[in-house]
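Here is the structure we will look at.
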Amino acid sequence: MTDVSVQQWGEVGGGGPVDLWVLQSAQVRVEVLSLGAILRSVCCRGREGHMEDVVLGFDQLEGYLSDQRYLGATVGRVANRIAQGRFVVEGKEYRLDINNGPNALHGGLRGFNKAIWLATAVEGGVQLSLTSPDGDQGYPGEVQVSVSYTLQGETLTAEYQARSTKTTPINLTNHSYFNLAGQAAADIYHHQVSISAQSYLPVDDSSIPTGEIRRVKGTPFDLTTPVLIGPRLKEVPGPGFDHNFCLSFPGDSWTERDAARVCHPASGRVLEVSTSQPGVQFYTANFLDGLTGKGGVRYRKHSSFCLETQNWPDAVNQAPFPSCLLCPGEDYHHVTRFTFTTV
């Protein structure tokens with residue numbers, strides 16, 4: 001049985017009130033904001049029964065309003081990067097705001113993470129809905145989008161749905177930063193990670209996939225069996241992991257698959273992720289630079305990890321990748337589950 005409650009958490013000038021929804025089961029407590037459909041908090045037990053908040057975030061609304069790192073947010077219309085902020089659909093070129101080096105990232109300067117969503121109670125959780133108008137951040141078509149967060153026992157489910165009036169790229173994900181040791185932990189070096197992918201996408205200097213689909217075997221990206229994050233980070237080129245791992249391929253059937261498992265042996269906490277999405281972006285918080293989070297904790301490089309279940313990055317510009325186009329009359333529908341257990 002999951003208890004669901006709501007309270008007003010603040011107000012955005014010119015934008016209206018922001019609500020805080022609380023989902024409480026016997027094992028897990030989740031907080032969701034109507035701003036950005038943000039996962040503000042996930043509290044779960046360790047081996048000794050101690051509850052800890054394992055999601056990075058802010059104590060006050062102002063932190064989320066000024067945040068540029070997407071802490072806990074639902075990102076869209078298109079998560080991840082679009083090369084040069086441009087793409088062609090049905091013969092027409094669209095240009096987006098450039099907000100990450102030479103590229104467009106996570107929906108634009110005012111993506112879904114900065115919108116106030118309409119929140120309504122559903123069984124065991126909350127559904128958040130949003131209308132993105134035609135031309136929003138440069139994207140074609142009016143899009144009706146929703147994400148439902150429901151909690152059952154130790155499993156938090158995020159279900160994404162969308163429809164569009166014009167053919168448009170869409171790629172929705174949640175961008176929570178996790179540390180299974182809790183808020184005050186300095187890094188994730190003592191976490192063990194495994195990802196159920198035989199291939200990954202190498203990237204160029206601006207983190208756009210090169211187009212190659214490379215086998216993980218024999219590379220630092222082989223996470224098919226559990227590895228300790230700290231030592232493995234020393235083998236990965238660049239500042240850390242920020243790569244798509246391929247869970248399924250074009251032509252594969254829509255089905256939910258095991259994606260990843262992370263364990264923090266000292267506390268016994270385990271996070272398991274499954275999804276219907278074709279990829280998961282494993283990101284090791286390479287660009288957190290000391291922003292102040294909950295309880296005054298400074299969030300620094302490698303202080304957390306993200307498992308962003310999504311389509312492959314820049315798919316709108318790379319024909320061999322799984323299509324990210326949503327056409328009028330079609331339904332966009334994906335499910336991701338986060339299960340919090342102990343060992």
Wholly enclosed strands (runs of 3 or more DSSP E) of the range 218-334 bearing at least 2 residues within 27 Å of Ile38 (Cβ to Cβ) and of a type in the set (D, E, K, R): 257-264, 269-275, 298-300
Residue count, the range 1-48 (criterion: part of a loop (DSSP other than H, G, I, E, B), on the phi > 0 side of the Ramachandran plot and of a type outside the set (A, V, I, L, M)): 2
Condition check for Thr292: over 21 Å from Ala197 (Cα atoms), among the polar types (S, T, N, Q) and open to solvent by 30 Å² or more (accessible area, probe 1.4 Å): yes
Scope the range 186-203; condition assigned to a loop (DSSP other than H, G, I, E, B) and either small (Gly, Ala, Ser) or open to solvent by 70 Å² or more (accessible area, probe 1.4 Å) (or both); matching residues: Ala186, Tyr189, His190, Ser196, Ala197, Gln198
Listing of strands (runs of 3 or more DSSP E) fully contained in the range 49-156 that carry 2 or more residues being open to solvent by 50 Å² or more (accessible area, probe 1.4 Å) and within 26 Å of Asp205 (Cβ to Cβ): 86-89, 92-95
Residues that are open to solvent by less than 70 Å² (accessible area, probe 1.4 Å) and at pLDDT below 95, drawn from the range 14-30: Gly15, Gly16
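The values are calculated or read from the model by the stated rules, or taken from the named source; none is laboratory data. Keep in mind the model is a prediction, meaning the values are calculated, not measured. Backbone-built Cβ (ideal geometry, glycine too); neighbour counts: all protein chains shown. Side chains are part of the model used for accessible areas, which takes the heavy atoms of the whole protein and leaves out ligands, DNA and RNA. Shrake-Rupley method; radii C 1.70, N 1.55, O 1.52, S 1.80 Å.
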